[in-house]
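Read through the structure below, which is laid out as structure tokens, and then see the notes.
The values are calculated or read from the model by the stated rules, or taken from the named source; none is laboratory data. Quick caveat, the model's predicted, so the values are computed rather than measured. Don't worry about glycine lacking a Cβ; one is built from the backbone with ideal geometry, like all the others, and counts go over all protein chains shown.
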Amino acid sequence: MDDKSINSTNLLSTLQLPEGLKELSYKELETVAAEIRQLLISTLAKTGGHLAPNLGVVELTLALHRVFNSPQDKIIWDVGHQSYVHKLLTGRLQRFSTLRQFGGISGFPRPEESEHDIFATGHSSTSISAAVGLAKARDLSGEDHKIIAVIGDGSMTGGMAFEALNHAGHLNLDLMVVLNDNEMSISPNVGALSAYLSRVRMNPAVNRLKEEIEHLIQGIPGVGEMTVRYLEKLKDSLKYLVIPGILFEELGFSYFGPVDGHNIRQLVQVFRDAAERSGPVLIHVLTKKGKGFLPAEEDPLKYHGIPGFELPGGHLRERSGPPTYTQVFGETLVELAREDRRVVAITAAMLEGTGLVKFARAFPERFFDVGIAEQHAVTMAAGLARGGKKPVVAIYSSFLQRAYDQILHDVCLQNLPVVFALDRAGVVGEDGPTHHGVFDLAYLRSIPGITIMAPKDENELREMLRLALAMEKPVAIRYPRGQGQGDKQLLEPVVPGRAEVLRGGEQAAVFALGPLAAEAEKAARRLSRMGISCAVINARFVKPLDRETILHWARRVPHLVTVEDHNLTGGFGSAVLELLAEEGVRGTRVTRMGYPDRFVEFGPAQKLRALYGLNEEGICRTVTGHLLPVADAGSSR
């Protein structure tokens with residue numbers, strides 16, 4: 001952080017954090033809250049990141065660190081995109097300007113970064129399960145500290161959260177769940193739970209009514225055992241009518257709330273009261289996403305995760321150029337749905353992120369947002385397919401990992417015509433290892449019967465989507481985040497299992513997957529100027545492989561290179577090696593280019609690909625490393 005940024009946060013920068021919060025008056029805490037909001041806005045205008053979620057939890061985070069003693073007391077942030085305030089209060093104030101920058105601090109909780117980041121998160125609905133494990137470990141070790149899970153109402157739509165609530169209640173563990181209810185995840189919340197919480201929000205007076213009823217019953221003189229039992233039954237019946245937290249109480253939790261999530265004094269008092277209660281406790285906190293920055297308050301969805309914006313007005317920076325793959329997918333699906341009424345679309349709380357806004361508007365009866373419930377989304381798609389529909393499930397690559405069993409067991413085992421649109425395949429940039437889509441080929445290609453495609457540009461994406469809906473079998477199409485290649489002519493029609501030869505050559509052949517085909521073509525042109533003849537093949541299909549084309553080039557050139565925006569373990573290059581081994585091909589050197597067997601760090605996607613040699617320069621180095629006395633940097637074998 002530069003000096004100007006530090007000086008602008010006068011009180012915050014003078015505190016010994018987080019301990020210093022305990023000594024402040026409530027007026028001073030409000031000043032710190034204002035300073036934190038100013039710092040969030042000024043920093044994220046430059047770095048981008050999750051703005052609206054963090055603006056909404058400023059007072060909540062201050063109250064947590066006021067009452068509890070981190071890291072002795074364990075605070076677990078579900079998903080983690082609301083953890084920036086926590087980072088500011090736990091030793092990362094001076095480095096906050098490096099947020100989400102290569103080599104800087106992560107946009108998500110990361111135990112390697114700080115002892116205050118108790119549990120690494122990035123996907124939703126996991127915090128309560130982690131809290132149950134930590135609480136049980138504490139009890140088994142005879143220790144005495146608090147466990148607090150902070151989870152949003154969007155994450156509570158995930159089934160895993162309820163599995164954990166159920167188990168925590170059964171074990172009667174001493175732990176606290178803070179339900180941060182801002183009425184949104186990324187897309188607006190859906191489902192019966194969302195409606196239930198809405199009813200609770202609309203009637204905060206019911207807690208007072210509950211207390212008055214219980215006091216009245218307790219004050220009636222005893223008139224016999226039968227009357228007492230009757231009054232207890234009456235009390236229970238009235239609870240079902242008026243107590244907002246009855247759902248959680250039936251799961252074994254003591255319920256506190258709803259609480260104003262922007263009133264620090266009230267939050268502190270409730271946290272202290274709840275900390276005195278034995279057994280599992282749930283505190284229902286109402287917050288406003290984007291609070292303190294008018295553009296984010298008015299459009300919290302738009303300002304949820306942002307690339308950066310202009311100050312003071314908050315105008316988001318716009319990118320010029322070709323449409324994104326996501327936009328092309330969404331527009332193409334609308335066209336195909338107009339042609340075939342059987343086409344339906346499903347997403348898991350990512351309506352905007354997956355490009356399905358236009359589809360939802362055009363065909364509301366054929367669009368389904370299931371909330372943060374990827375497993376349900378996939379099996380629901382299987383049911384739709386069994387019922388004669390053509391479901392397209394649009395989910396980010398890294399999020400679809402959560403539904404592996406449903407893909408295998410419910411879709412592929414029955415050979416049902418479900419199309420999986422895997423957005424954000426490959427490295428996605430600043431969100432880092434929890435969001436990089438570099439494992440989908442490995443977890444999908446082992447499943448019998450599935451077809452896996454990767455378009456080199458947006459025109460191929462259009463054709464692959466059309467082809468997938470016509471194939472009457474499980475199909476996955478993986479495509480990256482970001483802009484397409486521009487309006488390029490489709491040289492050859494997309495035929496199932498067939499690659500596309502983009503350029504001939506005699507000394508090497510590069511099989512490139514997806515948009516990396518463009519980098520391979522640029523490398524081949526550079527190599528040509530160096531006197532090296534290099535073929536380039538757009539692989540298109542990972543399953544089934546184009547065996548004929550791969551074997552042809554493996555027997556024709558001395559050096560075969562595979563290039564993929566994916567982990568090397570189990571990826572496209574591994575599939576090629578398996579094929580060559582099966583066919584007994586000898587004498588051809590094969591170099592696989594991709595990501596090594598470790599989690600890829602966060603940073604700009606282009607920088608990450610360059611770091612691992614997945615660009616024009618890296619491909620040139622790999623090819624010349626075999627043909628010329630040059631070190632083979634940037635490739636993996």
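Which residue is surrounded by the most Cβ atoms within 10 Å (Cβ to Cβ), if the candidates are limited to the stretch 547-575 and must be polar (S, T, N, Q) and within 30 Å of residue 428 (Cα to Cα)?
Looking at the filtered set, the residue picked out is 562.
If only one of 523, 539, 517 is under 18 Å from residue 580 (Cα atoms), in contact with a strand residue (DSSP E or B) (Cβ under 8 Å, 6 or more places away or on another chain) and in contact (Cβ under 8 Å) with a residue 40 or more places away in the chain, which one is it?
Numbers: 523 fails: under 18 Å from residue 580 (Cα atoms); 517 fails: under 18 Å from residue 580 (Cα atoms).
Checking each option against the conditions leaves just 539.
The sole residue among 498, 540 that is of a type in the set (D, E, K, R) and buried (at least 17 other Cβ atoms within 10 Å of the Cβ) is 540. Checked against the criterion of being among the aromatic types (Phe, Trp, Tyr) and within 26 Å of residue 307 (Cα to Cα), the candidates 396, 404 yield just one match: 396. Annotation: residue 276 fulfils all but one of (1) under 25 Å from the mean Cα position of the chain (by Cα); (2) assigned by TED's automatic domain parsing to the domain that holds residue 177; the unmet one is (1).
Of the residues making up the stretch 68-84, those that are touching a Leu at 6+ places or on another chain (Cβ under 9 Å), in a strand (DSSP E or B) and surrounded by 24 or more Cβ atoms within 10 Å (Cβ to Cβ) are 75, 76. Of all residues in the stretch 107-130, those that are within 12 Å of residue 90 (Cα to Cα) have Cβ atoms under 6 Å from Cβ atoms of residues that are surrounded by fewer than 24 Cβ atoms within 10 Å (Cβ to Cβ) and hydroxyl-bearing (Ser, Thr, Tyr), 6 or more apart or on another chain, in 109/121; 114/90; 116/70; 116/90. Within the stretch 240-296, the set of residues being in a loop (DSSP other than H, G, I, E, B) and of a type in the set (Lys, Arg) comprises 277, 288, 289, 291. Being farther than 18 Å from residue 329 by Cβ, surrounded by fewer than 24 Cβ atoms within 10 Å (Cβ to Cβ), at pLDDT below 95 and not acidic (Asp, Glu) is a condition met by no residue of the stretch 387-395.
Of the strands (runs of 3 or more DSSP E) entirely within the stretch 393-483, those holding at least 2 residues that are touching a Leu at 6+ places or on another chain (Cβ under 7 Å) occupy 419-423, 475-478. Against the numbered list (1) more than 30 Å from residue 106 (Cβ to Cβ); (2) in contact (Cβ under 8 Å) with a residue 12 or more places away in the chain; (3) part of a loop (DSSP other than H, G, I, E, B), residue 569 comes up short only at (1). Of the residues 494, 563, which single one is of a type outside the set (Asp, Glu), touching a strand residue (DSSP E or B) at 6+ places or on another chain (Cβ under 9 Å), assigned to a strand (DSSP E or B) and in contact (Cβ under 8 Å) with a residue 24 or more places away in the chain? Matching residue, one of 494, 563: 563.
For the stretch 341-355, the condition holds for no residue, the condition being that it is in a helix (DSSP H, G or I) and not aromatic (Phe, Trp, Tyr). Scanning the stretch 280-296 for residues being over 28 Å from residue 162 (Cβ atoms) and either under 22 Å from the mean Cα position of the chain (by Cα) or of a type in the set (A, V, I, L, M, F, W, C) (or both) gives a total of 3. Scanning the stretch 348-381 for residues that are touching a strand residue (DSSP E or B) at 6+ places or on another chain (Cβ under 8 Å) and surrounded by 24 or more Cβ atoms within 10 Å (Cβ to Cβ) yields 348, 349, 354, 355, 356, 359, 374, 377, 378, 381.
Working only within the stretch 469-491, note down all residues that are crowded, with 16+ Cβ neighbours inside 10 Å and without any contact (Cβ under 8 Å) to a residue 60 or more places away in the chain. Hits for the stretch 469-491 are 473, 475, 476, 477.
Considering the stretch 297-323, and only residues there that are under 18 Å from the mean Cα position of the chain (by Cα) and not in a loop (DSSP other than H, G, I, E, B), the residue that is farthest from residue 182 (Cα to Cα) turns out to be 306.
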